[in-house]
Amino acid sequence: MAYKFSKGDRGLGDIKFEDDSDTGLDFDQDKIELQTGGTTRLSVENNEITTTVPVGIGTTNPGQPVHILGDHPRVRVEATSNTWPGIELSETGTRKWALLNDPSDDRFLIK
């Protein structure tokens, strides 16, 4: 991929924004990075998204790694028919708790 700057040299594989050499998208070796101030803020590589800053949805000042703010904020976990949608809480790869919906009778389970 190549992007022709309106000023300066042509960069192969990267997009830098005019008059701001510290902000851009880096497409280095099948990895996509969003950089601001010369620091990588978001990276996508091998189907993994990593970020060095908290993510805010509806807020510009997130107080946790993921922070959702709104009048009726929700997180939706949707399963296909007759499966067990849920949320798992884990520590170092081991499930500690699970909040589940039993598809046979729609009971809410804590396991």
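The values are calculated or read from the model by the stated rules, or taken from the named source; none is laboratory data. Just so we're clear, the structure is a prediction, and the values are computed from it rather than from any experiment. A quick note on method: Cβ atoms are made from the backbone with ideal geometry, for glycine too, and the neighbour counts reach across all protein chains shown. Keep in mind that these areas ignore ligands, DNA and RNA; they rest on the heavy atoms of the full protein, side chains included. Shrake-Rupley method; radii C 1.70, N 1.55, O 1.52, S 1.80 Å.
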Would you mention how many residues in the stretch 50-64 are open to solvent by less than 60 Å² (accessible area, probe 1.4 Å), part of a loop (DSSP other than H, G, I, E, B) and in contact (Cβ under 8 Å) with a residue 12 or more places away in the chain?
1
Residue count, the stretch 65-111, condition under 30 Å from G38 (Cα atoms) and surrounded by 10 or more Cβ atoms within 10 Å (Cβ to Cβ), comes to 4
